[in-house]
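Let me begin by presenting the structure, written as C-alpha coordinates, before commenting on it.
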Amino acid sequence: MSEPEIMIDQQLPSRAPDLVVVAATDAVWRVQQMSDRLLKWVGLGDLEIAGRELRELFADVSPGLDYLSDEVIGEGEPIVDIEVDFRGQEGCRLLADILPGGISDEGWRQVSFYFRQPPAGLARRHEPRSRFGLVGNSPGMQEVFRKIALYAETDASVVVTGETGSGKELVARALHEQSPRRDHAFVSVNCSAISPELLESELFGHEKGAFTGAVRSHKGRFERADRGTIFLDEVGDMPGSAQVKLLRVLEEGLLERVGSERPLQVDVRVVAATNVPMERAVQQGQFRADLYHRLAVLRIHLPALRQRLEDIPLLVEHFLGAFRRKYGRNVDRLTSEAMLLLRAYLWPGNIRELRNVLERVFIESQSEVIGARAFREWVNERQDFSPGDWGPGQLGNDGVALSLPYPLANDRVLLSRPERLALAGPMPENLAGSARTTRPVNLTAVSIRDAWSRSQGNLASAARLLGVHRATLYRYMKKLDLTRGSLDS
(Lines give C-alpha, C1' and ligand atoms only; values in the text may rest on other atoms or scores of the structure.)
Protein backbone atom coordinates (compact mmCIF):
# COMPACT_ATOMS: atom_id res chain seq x y z
CA MET A 1 0.00 0.00 0.00
CA SER A 2 1.33 3.39 -0.93
CA GLU A 3 -0.49 6.25 0.68
CA PRO A 4 0.61 9.91 0.73
CA GLU A 5 1.92 11.71 3.76
CA ILE A 6 -0.81 13.47 5.72
CA MET A 7 -0.19 16.50 7.88
CA ILE A 8 -1.72 16.16 11.36
CA ASP A 9 -3.70 19.23 12.35
CA GLN A 10 -4.29 18.31 16.01
CA GLN A 11 -2.01 18.98 18.98
CA LEU A 12 -0.68 15.47 19.66
CA PRO A 13 0.76 14.09 22.90
CA SER A 14 4.53 14.24 23.11
CA ARG A 15 4.98 10.51 22.47
CA ALA A 16 4.39 8.73 19.19
CA PRO A 17 0.92 7.21 18.61
CA ASP A 18 0.38 3.52 19.29
CA LEU A 19 -1.75 3.04 16.20
CA VAL A 20 -2.13 5.09 13.05
CA VAL A 21 -4.83 4.19 10.53
CA VAL A 22 -5.65 5.66 7.15
CA ALA A 23 -8.60 5.42 4.78
CA ALA A 24 -9.01 6.40 1.16
CA THR A 25 -12.24 7.30 -0.59
CA ASP A 26 -13.46 3.69 -0.23
CA ALA A 27 -13.80 4.37 3.53
CA VAL A 28 -11.91 1.17 4.47
CA TRP A 29 -9.58 1.88 7.37
CA ARG A 30 -6.15 0.26 7.10
CA VAL A 31 -3.27 0.12 9.57
CA GLN A 32 -0.35 2.36 8.69
CA GLN A 33 1.77 1.71 11.77
CA MET A 34 1.52 0.15 15.24
CA SER A 35 3.78 0.52 18.28
CA ASP A 36 5.67 -2.41 19.79
CA ARG A 37 3.95 -1.97 23.14
CA LEU A 38 0.46 -2.20 21.58
CA LEU A 39 1.56 -5.32 19.69
CA LYS A 40 2.60 -6.81 23.03
CA TRP A 41 -0.56 -5.72 24.88
CA VAL A 42 -2.93 -7.25 22.35
CA GLY A 43 -0.80 -10.33 21.66
CA LEU A 44 -0.35 -9.94 17.89
CA GLY A 45 3.27 -11.06 17.98
CA ASP A 46 5.21 -10.86 14.71
CA LEU A 47 2.24 -10.52 12.37
CA GLU A 48 2.65 -8.33 9.31
CA ILE A 49 0.56 -5.32 10.30
CA ALA A 50 1.00 -2.57 7.72
CA GLY A 51 -1.79 -2.46 5.18
CA ARG A 52 -4.14 -4.79 7.05
CA GLU A 53 -7.81 -3.83 7.26
CA LEU A 54 -8.52 -2.46 10.73
CA ARG A 55 -11.88 -4.22 11.16
CA GLU A 56 -10.37 -7.61 10.26
CA LEU A 57 -7.32 -7.22 12.46
CA PHE A 58 -9.44 -6.14 15.44
CA ALA A 59 -12.72 -7.91 14.71
CA ASP A 60 -13.79 -8.49 18.32
CA VAL A 61 -12.93 -5.09 19.76
CA SER A 62 -15.64 -3.07 21.49
CA PRO A 63 -16.28 -0.30 20.52
CA GLY A 64 -15.06 -1.08 16.99
CA LEU A 65 -11.88 0.84 16.11
CA ASP A 66 -13.14 1.47 12.58
CA TYR A 67 -16.35 2.96 13.99
CA LEU A 68 -14.37 5.19 16.38
CA SER A 69 -12.19 6.31 13.45
CA ASP A 70 -15.31 7.34 11.50
CA GLU A 71 -16.58 9.14 14.59
CA VAL A 72 -13.54 11.36 15.17
CA ILE A 73 -13.32 12.22 11.48
CA GLY A 74 -17.02 13.07 11.35
CA GLU A 75 -16.90 15.13 14.54
CA GLY A 76 -13.56 16.73 13.78
CA GLU A 77 -12.75 16.46 17.50
CA PRO A 78 -10.78 13.93 19.54
CA ILE A 79 -12.33 11.23 21.68
CA VAL A 80 -10.59 11.18 25.04
CA ASP A 81 -10.35 8.57 27.77
CA ILE A 82 -12.61 5.90 26.24
CA GLU A 83 -12.30 2.29 27.39
CA VAL A 84 -11.63 -0.18 24.57
CA ASP A 85 -12.11 -3.90 25.13
CA PHE A 86 -9.86 -6.11 22.97
CA ARG A 87 -11.94 -9.26 23.51
CA GLY A 88 -10.29 -11.28 20.75
CA GLN A 89 -6.75 -10.28 21.73
CA GLU A 90 -6.05 -11.76 25.16
CA GLY A 91 -9.18 -10.09 26.58
CA CYS A 92 -7.38 -6.91 27.67
CA ARG A 93 -8.96 -3.51 28.22
CA LEU A 94 -7.13 -0.27 27.49
CA LEU A 95 -7.93 3.42 27.75
CA ALA A 96 -7.60 5.36 24.50
CA ASP A 97 -7.27 8.93 23.27
CA ILE A 98 -8.21 9.15 19.57
CA LEU A 99 -7.23 12.13 17.45
CA PRO A 100 -8.31 12.99 13.91
CA GLY A 101 -5.65 13.90 11.40
CA GLY A 102 -5.77 16.01 8.28
CA ILE A 103 -7.03 15.10 4.81
CA SER A 104 -4.61 14.90 1.91
CA ASP A 105 -5.22 16.32 -1.55
CA GLU A 106 -5.98 12.79 -2.75
CA GLY A 107 -8.70 12.38 -0.11
CA TRP A 108 -6.79 10.17 2.35
CA ARG A 109 -7.83 10.53 5.99
CA GLN A 110 -5.81 9.64 9.06
CA VAL A 111 -6.59 8.84 12.70
CA SER A 112 -4.13 8.30 15.57
CA PHE A 113 -4.76 6.16 18.66
CA TYR A 114 -2.89 6.60 21.95
CA PHE A 115 -3.46 3.67 24.32
CA ARG A 116 -2.62 3.27 28.00
CA GLN A 117 -3.42 0.70 30.62
CA PRO A 118 -6.19 1.66 33.07
CA PRO A 119 -5.38 2.29 36.74
CA ALA A 120 -5.10 -0.90 38.76
CA GLY A 121 -8.41 -0.25 40.49
CA LEU A 122 -10.21 -0.18 37.14
CA ALA A 123 -8.58 -3.24 35.60
CA ARG A 124 -11.20 -5.87 34.86
CA ARG A 125 -9.14 -8.27 32.77
CA HIS A 126 -10.01 -11.26 34.93
CA GLU A 127 -13.63 -10.28 35.50
CA PRO A 128 -15.83 -13.37 35.13
CA ARG A 129 -17.73 -13.59 31.85
CA SER A 130 -20.23 -16.15 33.08
CA ARG A 131 -21.57 -17.53 36.33
CA PHE A 132 -24.12 -20.20 37.15
CA GLY A 133 -24.50 -21.04 33.45
CA LEU A 134 -25.45 -17.42 32.63
CA VAL A 135 -23.28 -15.20 30.43
CA GLY A 136 -22.72 -11.48 30.90
CA ASN A 137 -20.58 -8.74 32.42
CA SER A 138 -23.14 -5.93 32.27
CA PRO A 139 -24.27 -4.23 35.50
CA GLY A 140 -27.72 -5.79 35.15
CA MET A 141 -26.28 -9.31 34.96
CA GLN A 142 -23.88 -8.67 37.82
CA GLU A 143 -26.91 -7.84 39.96
CA VAL A 144 -28.58 -11.09 38.85
CA PHE A 145 -25.44 -13.03 39.85
CA ARG A 146 -25.36 -11.28 43.23
CA LYS A 147 -28.96 -12.19 43.97
CA ILE A 148 -28.55 -15.82 42.88
CA ALA A 149 -25.61 -16.24 45.26
CA LEU A 150 -27.54 -14.50 48.06
CA TYR A 151 -30.88 -16.27 47.61
CA ALA A 152 -29.69 -19.79 46.79
CA GLU A 153 -29.03 -20.79 50.39
CA THR A 154 -32.57 -19.96 51.52
CA ASP A 155 -35.88 -21.79 51.07
CA ALA A 156 -37.88 -18.60 50.43
CA SER A 157 -40.00 -18.45 47.29
CA VAL A 158 -38.57 -16.46 44.38
CA VAL A 159 -40.29 -14.74 41.48
CA VAL A 160 -38.11 -14.29 38.38
CA THR A 161 -39.31 -11.60 36.00
CA GLY A 162 -38.18 -10.81 32.49
CA GLU A 163 -39.29 -10.85 28.88
CA THR A 164 -39.81 -14.02 26.89
CA GLY A 165 -36.49 -15.54 25.86
CA SER A 166 -34.41 -13.74 28.49
CA GLY A 167 -33.40 -16.93 30.36
CA LYS A 168 -35.69 -17.16 33.39
CA GLU A 169 -35.46 -20.97 33.63
CA LEU A 170 -31.66 -20.72 33.68
CA VAL A 171 -31.93 -18.48 36.75
CA ALA A 172 -34.25 -21.01 38.42
CA ARG A 173 -31.82 -23.85 37.67
CA ALA A 174 -28.94 -21.76 39.01
CA LEU A 175 -30.82 -21.15 42.27
CA HIS A 176 -31.38 -24.90 42.59
CA GLU A 177 -27.80 -25.93 41.69
CA GLN A 178 -26.34 -23.49 44.23
CA SER A 179 -28.72 -24.53 47.01
CA PRO A 180 -28.60 -27.34 49.60
CA ARG A 181 -31.33 -29.01 47.51
CA ARG A 182 -28.98 -29.58 44.57
CA ASP A 183 -28.87 -33.36 45.10
CA HIS A 184 -32.64 -33.66 44.68
CA ALA A 185 -34.99 -33.06 41.76
CA PHE A 186 -35.45 -29.87 39.78
CA VAL A 187 -38.90 -29.99 38.14
CA SER A 188 -40.01 -27.47 35.54
CA VAL A 189 -43.64 -26.78 34.60
CA ASN A 190 -44.91 -24.31 31.99
CA CYS A 191 -48.33 -23.38 33.34
CA SER A 192 -49.45 -21.86 30.02
CA ALA A 193 -48.57 -25.01 28.04
CA ILE A 194 -51.02 -27.24 29.95
CA SER A 195 -54.78 -26.79 29.64
CA PRO A 196 -56.48 -25.36 32.76
CA GLU A 197 -58.51 -28.56 33.11
CA LEU A 198 -55.38 -30.72 33.35
CA LEU A 199 -52.99 -28.35 35.15
CA GLU A 200 -54.30 -29.09 38.65
CA SER A 201 -53.89 -32.84 38.13
CA GLU A 202 -50.44 -32.35 36.57
CA LEU A 203 -49.22 -30.26 39.50
CA PHE A 204 -50.81 -32.04 42.45
CA GLY A 205 -51.58 -35.52 41.07
CA HIS A 206 -54.83 -37.51 41.07
CA GLU A 207 -56.24 -40.75 42.37
CA LYS A 208 -57.54 -43.60 40.26
CA GLY A 209 -61.11 -42.89 39.17
CA ALA A 210 -60.98 -39.22 40.13
CA PHE A 211 -62.30 -38.31 36.67
CA THR A 212 -63.01 -39.94 33.32
CA GLY A 213 -59.78 -41.39 31.99
CA ALA A 214 -58.03 -41.58 35.38
CA VAL A 215 -57.29 -45.30 35.12
CA ARG A 216 -54.51 -45.19 37.69
CA SER A 217 -53.11 -42.99 40.42
CA HIS A 218 -50.81 -40.23 39.25
CA LYS A 219 -48.01 -38.56 41.19
CA GLY A 220 -47.99 -34.82 40.48
CA ARG A 221 -45.03 -32.54 39.84
CA PHE A 222 -44.91 -31.28 43.44
CA GLU A 223 -44.52 -34.85 44.74
CA ARG A 224 -41.76 -35.49 42.22
CA ALA A 225 -39.99 -32.33 43.38
CA ASP A 226 -40.11 -33.32 47.08
CA ARG A 227 -36.95 -32.06 48.86
CA GLY A 228 -35.99 -30.29 45.64
CA THR A 229 -37.14 -27.27 43.61
CA ILE A 230 -40.12 -26.71 41.35
CA PHE A 231 -40.07 -24.02 38.68
CA LEU A 232 -43.49 -22.66 37.70
CA ASP A 233 -43.08 -20.79 34.42
CA GLU A 234 -45.86 -18.38 33.37
CA VAL A 235 -47.40 -18.74 36.82
CA GLY A 236 -49.83 -15.91 36.04
CA ASP A 237 -51.75 -18.28 33.73
CA MET A 238 -52.59 -20.66 36.58
CA PRO A 239 -56.39 -21.12 37.07
CA GLY A 240 -58.03 -20.10 40.33
CA SER A 241 -58.55 -23.63 41.72
CA ALA A 242 -54.86 -24.44 41.27
CA GLN A 243 -53.92 -21.12 42.90
CA VAL A 244 -55.81 -22.14 46.06
CA LYS A 245 -53.92 -25.43 46.27
CA LEU A 246 -50.58 -23.75 45.57
CA LEU A 247 -51.20 -21.31 48.42
CA ARG A 248 -51.74 -24.22 50.82
CA VAL A 249 -48.50 -25.86 49.69
CA LEU A 250 -46.61 -22.64 50.30
CA GLU A 251 -48.16 -21.98 53.71
CA GLU A 252 -48.44 -25.49 55.16
CA GLY A 253 -46.41 -27.79 52.90
CA LEU A 254 -49.58 -29.86 52.30
CA LEU A 255 -51.25 -30.90 49.05
CA GLU A 256 -54.20 -33.08 48.10
CA ARG A 257 -54.37 -35.13 44.93
CA VAL A 258 -57.46 -34.63 42.80
CA GLY A 259 -60.06 -37.10 44.07
CA SER A 260 -58.37 -37.61 47.44
CA GLU A 261 -59.16 -36.24 50.89
CA ARG A 262 -55.85 -37.33 52.42
CA PRO A 263 -53.27 -34.53 52.56
CA LEU A 264 -49.65 -35.30 51.67
CA GLN A 265 -46.67 -33.51 53.19
CA VAL A 266 -44.10 -32.15 50.72
CA ASP A 267 -40.92 -30.11 51.12
CA VAL A 268 -40.52 -28.08 47.95
CA ARG A 269 -38.95 -24.74 47.17
CA VAL A 270 -40.98 -22.77 44.63
CA VAL A 271 -39.43 -20.55 41.98
CA ALA A 272 -42.01 -18.85 39.76
CA ALA A 273 -41.57 -16.83 36.59
CA THR A 274 -43.68 -14.42 34.62
CA ASN A 275 -43.16 -12.15 31.63
CA VAL A 276 -46.07 -9.86 32.61
CA PRO A 277 -46.36 -7.72 35.76
CA MET A 278 -48.02 -9.87 38.45
CA GLU A 279 -49.23 -6.72 40.18
CA ARG A 280 -51.39 -5.96 37.15
CA ALA A 281 -52.86 -9.48 37.22
CA VAL A 282 -53.71 -9.00 40.92
CA GLN A 283 -55.39 -5.65 40.21
CA GLN A 284 -57.44 -7.23 37.41
CA GLY A 285 -58.56 -10.07 39.68
CA GLN A 286 -56.76 -12.73 37.63
CA PHE A 287 -54.29 -13.67 40.38
CA ARG A 288 -54.90 -14.02 44.12
CA ALA A 289 -53.35 -11.22 46.17
CA ASP A 290 -52.52 -13.55 49.09
CA LEU A 291 -50.76 -15.97 46.73
CA TYR A 292 -48.86 -13.13 45.11
CA HIS A 293 -47.52 -11.94 48.48
CA ARG A 294 -46.58 -15.50 49.44
CA LEU A 295 -44.80 -16.15 46.15
CA ALA A 296 -42.96 -12.86 45.73
CA VAL A 297 -40.86 -13.05 48.92
CA LEU A 298 -37.74 -12.58 46.80
CA ARG A 299 -37.48 -11.21 43.27
CA ILE A 300 -34.88 -11.40 40.52
CA HIS A 301 -35.31 -9.36 37.34
CA LEU A 302 -33.54 -10.41 34.14
CA PRO A 303 -32.81 -7.39 31.94
CA ALA A 304 -33.82 -7.58 28.30
CA LEU A 305 -30.97 -8.11 25.84
CA ARG A 306 -31.46 -4.60 24.41
CA GLN A 307 -30.70 -3.27 27.91
CA ARG A 308 -27.35 -5.06 28.01
CA LEU A 309 -26.03 -4.85 24.46
CA GLU A 310 -22.47 -4.88 25.81
CA ASP A 311 -22.99 -8.57 26.62
CA ILE A 312 -23.62 -9.54 22.99
CA PRO A 313 -19.93 -10.26 22.14
CA LEU A 314 -19.73 -12.58 25.17
CA LEU A 315 -22.95 -14.34 24.20
CA VAL A 316 -21.73 -14.71 20.60
CA GLU A 317 -18.49 -16.24 21.83
CA HIS A 318 -20.42 -18.61 24.10
CA PHE A 319 -22.87 -19.76 21.42
CA LEU A 320 -20.20 -20.18 18.73
CA GLY A 321 -18.31 -22.48 21.10
CA ALA A 322 -21.46 -24.53 21.67
CA PHE A 323 -22.12 -24.78 17.92
CA ARG A 324 -18.53 -25.82 17.21
CA ARG A 325 -18.95 -28.73 19.58
CA LYS A 326 -22.42 -29.57 18.26
CA TYR A 327 -21.62 -29.51 14.53
CA GLY A 328 -17.90 -30.32 14.57
CA ARG A 329 -17.02 -27.29 12.45
CA ASN A 330 -14.43 -24.59 13.06
CA VAL A 331 -16.29 -21.29 12.74
CA ASP A 332 -14.10 -19.01 14.80
CA ARG A 333 -15.70 -15.58 15.12
CA LEU A 334 -17.80 -12.76 13.68
CA THR A 335 -16.30 -9.77 11.92
CA SER A 336 -16.60 -6.38 13.60
CA GLU A 337 -19.16 -5.38 10.96
CA ALA A 338 -21.33 -8.39 11.82
CA MET A 339 -20.96 -7.65 15.52
CA LEU A 340 -21.99 -4.04 14.90
CA LEU A 341 -25.13 -5.32 13.18
CA LEU A 342 -26.04 -7.53 16.13
CA ARG A 343 -25.47 -4.70 18.59
CA ALA A 344 -27.60 -2.33 16.52
CA TYR A 345 -30.68 -4.58 16.61
CA LEU A 346 -32.82 -4.42 19.76
CA TRP A 347 -33.78 -8.11 20.07
CA PRO A 348 -37.48 -8.41 20.92
CA GLY A 349 -36.89 -12.19 21.24
CA ASN A 350 -33.92 -11.67 23.58
CA ILE A 351 -31.31 -14.41 24.13
CA ARG A 352 -33.43 -17.09 22.45
CA GLU A 353 -33.66 -15.03 19.26
CA LEU A 354 -29.92 -14.30 19.28
CA ARG A 355 -29.08 -17.98 19.70
CA ASN A 356 -31.40 -19.04 16.89
CA VAL A 357 -30.04 -16.40 14.50
CA LEU A 358 -26.44 -17.38 15.26
CA GLU A 359 -27.16 -21.09 14.80
CA ARG A 360 -28.76 -20.34 11.45
CA VAL A 361 -25.79 -18.39 10.06
CA PHE A 362 -23.36 -20.90 11.62
CA ILE A 363 -25.00 -23.73 9.66
CA GLU A 364 -25.15 -21.69 6.44
CA SER A 365 -21.63 -20.25 6.66
CA GLN A 366 -18.81 -21.99 4.81
CA SER A 367 -15.90 -19.97 6.22
CA GLU A 368 -14.17 -19.69 9.58
CA VAL A 369 -15.25 -16.05 9.98
CA ILE A 370 -18.88 -14.92 9.72
CA GLY A 371 -19.37 -11.54 8.08
CA ALA A 372 -22.34 -9.19 8.05
CA ARG A 373 -23.52 -10.47 4.66
CA ALA A 374 -24.31 -13.83 6.26
CA PHE A 375 -27.17 -12.09 8.10
CA ARG A 376 -28.67 -10.54 4.94
CA GLU A 377 -31.61 -12.94 4.62
CA TRP A 378 -32.45 -12.52 8.31
CA VAL A 379 -32.27 -8.73 7.96
CA ASN A 380 -34.69 -8.82 5.02
CA GLU A 381 -37.09 -11.00 7.01
CA ARG A 382 -37.03 -8.51 9.86
CA GLN A 383 -37.83 -5.73 7.36
CA ASP A 384 -40.93 -7.57 6.19
CA PHE A 385 -42.60 -7.27 9.59
CA SER A 386 -45.22 -4.54 9.63
CA PRO A 387 -45.81 -2.41 12.76
CA GLY A 388 -47.39 -4.49 15.46
CA ASP A 389 -46.21 -7.85 14.10
CA TRP A 390 -44.03 -8.30 17.18
CA GLY A 391 -47.16 -8.44 19.30
CA PRO A 392 -47.47 -5.89 22.12
CA GLY A 393 -46.64 -2.73 20.20
CA GLN A 394 -43.33 -1.32 19.02
CA LEU A 395 -42.04 -0.34 22.46
CA GLY A 396 -40.32 -2.51 24.99
CA ASN A 397 -41.06 -2.47 28.71
CA ASP A 398 -38.50 0.28 29.15
CA GLY A 399 -40.13 2.48 26.51
CA VAL A 400 -37.32 1.95 23.99
CA ALA A 401 -38.41 1.26 20.42
CA LEU A 402 -37.82 -2.32 19.28
CA SER A 403 -37.14 -1.13 15.74
CA LEU A 404 -33.66 0.02 14.82
CA PRO A 405 -33.85 3.85 14.83
CA TYR A 406 -30.91 4.49 12.49
CA PRO A 407 -29.27 2.92 9.44
CA LEU A 408 -26.11 0.90 9.72
CA ALA A 409 -23.02 2.33 8.10
CA ASN A 410 -23.09 -0.64 5.74
CA ASP A 411 -26.82 -0.71 4.98
CA ARG A 412 -26.15 -0.55 1.22
CA VAL A 413 -24.64 -4.04 1.55
CA LEU A 414 -27.04 -5.45 4.13
CA LEU A 415 -30.39 -4.07 3.07
CA SER A 416 -32.07 -4.82 -0.24
CA ARG A 417 -34.05 -1.59 0.09
CA PRO A 418 -31.72 1.10 1.50
CA GLU A 419 -34.61 3.48 2.12
CA ARG A 420 -35.81 1.12 4.86
CA LEU A 421 -33.86 2.18 7.92
CA ALA A 422 -35.20 -0.22 10.54
CA LEU A 423 -34.49 -3.92 10.82
CA ALA A 424 -37.89 -4.72 12.33
CA GLY A 425 -40.19 -2.18 10.73
CA PRO A 426 -40.47 1.50 9.84
CA MET A 427 -38.56 4.03 11.89
CA PRO A 428 -40.63 5.70 14.64
CA GLU A 429 -41.49 9.27 13.70
CA ASN A 430 -40.13 10.70 16.94
CA LEU A 431 -36.71 9.23 16.15
CA ALA A 432 -36.59 10.16 12.48
CA GLY A 433 -33.83 12.69 13.03
CA SER A 434 -31.58 10.40 15.03
CA ALA A 435 -29.85 8.49 12.25
CA ARG A 436 -26.23 7.77 13.06
CA THR A 437 -23.93 9.29 10.52
CA THR A 438 -20.44 10.66 10.38
CA ARG A 439 -21.77 14.22 10.19
CA PRO A 440 -21.02 16.47 13.16
CA VAL A 441 -23.70 16.64 15.85
CA ASN A 442 -24.57 19.46 18.20
CA LEU A 443 -26.08 18.03 21.36
CA THR A 444 -27.68 20.39 23.86
CA ALA A 445 -28.36 19.97 27.56
CA VAL A 446 -32.09 19.87 26.79
CA SER A 447 -31.77 17.08 24.20
CA ILE A 448 -29.51 15.06 26.50
CA ARG A 449 -31.91 15.45 29.43
CA ASP A 450 -34.83 14.40 27.24
CA ALA A 451 -33.03 11.28 25.95
CA TRP A 452 -31.85 10.44 29.48
CA SER A 453 -35.41 10.66 30.79
CA ARG A 454 -36.89 8.59 27.95
CA SER A 455 -34.26 5.86 28.39
CA GLN A 456 -34.81 5.81 32.19
CA GLY A 457 -31.19 6.60 32.96
CA ASN A 458 -29.64 4.02 30.61
CA LEU A 459 -26.68 5.78 28.98
CA ALA A 460 -26.41 3.37 26.04
CA SER A 461 -30.12 3.75 25.26
CA ALA A 462 -29.86 7.54 25.55
CA ALA A 463 -26.99 7.55 23.04
CA ARG A 464 -29.04 5.45 20.62
CA LEU A 465 -31.98 7.85 20.91
CA LEU A 466 -29.63 10.76 20.14
CA GLY A 467 -28.08 8.84 17.24
CA VAL A 468 -24.51 9.09 18.57
CA HIS A 469 -21.93 6.80 20.05
CA ARG A 470 -21.63 6.65 23.83
CA ALA A 471 -18.21 8.27 23.57
CA THR A 472 -19.80 11.30 21.90
CA LEU A 473 -22.46 11.50 24.59
CA TYR A 474 -19.77 11.29 27.31
CA ARG A 475 -17.87 14.12 25.65
CA TYR A 476 -20.91 16.41 25.42
CA MET A 477 -21.88 15.65 29.02
CA LYS A 478 -18.40 16.71 30.10
CA LYS A 479 -18.56 19.80 27.87
CA LEU A 480 -21.96 20.82 29.27
CA ASP A 481 -20.98 19.93 32.85
CA LEU A 482 -23.67 17.25 33.09
CA THR A 483 -23.37 14.25 35.41
CA ARG A 484 -25.58 11.24 36.01
CA GLY A 485 -26.65 12.83 39.28
CA SER A 486 -27.63 16.11 37.68
CA LEU A 487 -29.54 14.31 34.93
CA ASP A 488 -31.48 12.29 37.52
CA SER A 489 -32.48 15.39 39.46
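The values are calculated or read from the model by the stated rules, or taken from the named source; none is laboratory data. The structure displayed is predicted, hence computed values, not measured ones. Cβ atoms come from the backbone with ideal geometry, glycine included; neighbour counts cover every protein chain shown. To get the accessible areas, we keep the full protein, side chains included, count just its heavy atoms, and leave off ligands, DNA and RNA. Shrake-Rupley method; radii C 1.70, N 1.55, O 1.52, S 1.80 Å.
Normalised by the empirical 2.2 N^0.38 Å for globular proteins, what value does the Cα Rg of the range 169-243 take? Walk me through the numbers on the way to the answer.
On the way: Rg = 13.6 Å, N = 75, 2.2 N^0.38 = 11.3 Å.
Ratio of Rg to 2.2 N^0.38 Å for the range 169-243: 1.20.
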Accessible area of Arg30, 1.4 Å probe, to the nearest 10 Å²?
-> 70 Å²
Protection proxy ranking of 335-341, 38-44, 94-100 - average other beta-carbon atoms within 10 Å, highest first | 335-341, 94-100, 38-44
Once phi for every residue in the range 49-54 is put through the Karplus expression 6.51 cos²θ - 1.76 cosθ + 1.60 (θ = phi - 60°), the whole-Hz ³J(HN,Hα) values, with Gly and Pro written as x, are 9, 4, x, 6, 5, 4
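Could you work out what % of the accessible surface of the range 297-356 is carbon and sulfur, using a 1.4 angstrom probe and leaving DNA, RNA and ligands out of the count?
Numbers: 1120 of 2220 Å².
Carbon plus sulfur share of accessible area: 51 percent.
Give the dimensionless ratio obtained when the Cα radius of gyration of the range 250-355 is divided by 2.2 N^0.38 Å.
1.66
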Between Val369 and Glu169, 0.36 nm times their residue separation minus their Cα-Cα distance comes to what?
-> 68.9 nm
Stretchable slack from Glu177 to Asn356, in nm (0.36 nm times residue separation minus alpha-carbon distance) = 61.8 nm
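Grab the Cα-Cα distance for Arg484 and Arg299, subtract it from 0.36 nm times how many residues apart they are, and report the gain in nm with one decimal. Walk me through the numbers before you get to the answer.
Working: separation 185, 0.36 × 185 = 66.60 nm, distance 2.64 nm.
Extending this stretch completely gives an extra 64.0 nm.
Under a 1.4 angstrom probe, counting protein chains only, how are Asp66, Asp18, Asp81, Asp488 ranked by accessible area, largest first?
Working: Asp66 35, Asp18 5, Asp81 85, Asp488 110 Å².
Largest accessible area first, the residues go Asp488, Asp81, Asp66, Asp18.
Based on the mean of other beta carbon atoms within 10 Å per residue, what is the order of 246-256, 464-474, 344-354, most packed first? The partial results should precede the final answer.
Numbers: 246-256: 16.3, 464-474: 22.1, 344-354: 20.4.
Packing proxy ranking, top to bottom: 464-474, 344-354, 246-256.
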Ranked from the most accessible area to the least, with a 1.4 Å probe and all protein chains present, what is the order of Lys168, Lys478?
-> Lys478, Lys168
Residues Arg248 and Ser447, FRET efficiency given R0 of 60 Å [Cβ-Cβ distance, rounded to 0.05] | 0.60
Once both label points are put 7 Å beyond Cα along the C-beta direction, the Arg216-Arg37 separation in nm becomes 7.5 nm
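Could you tally the net charge around His218, taking each other residue with its Cβ under 14 Å from the Cβ of His218, Lys/Arg +1 and Asp/Glu -1? Numbers along the way, then the final one.
Numbers: positive: Lys208, Arg216, Lys219, Arg221, Arg224, Arg257; negative: Glu200, Glu202, Glu207, Glu223, Glu256.
After counting each charged neighbour, the total is +1.
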Filtered hits (lysines, Cα-Cα < 26 Å from Lys245, offset >= 8 within chain) -> Lys168, Lys208, Lys219
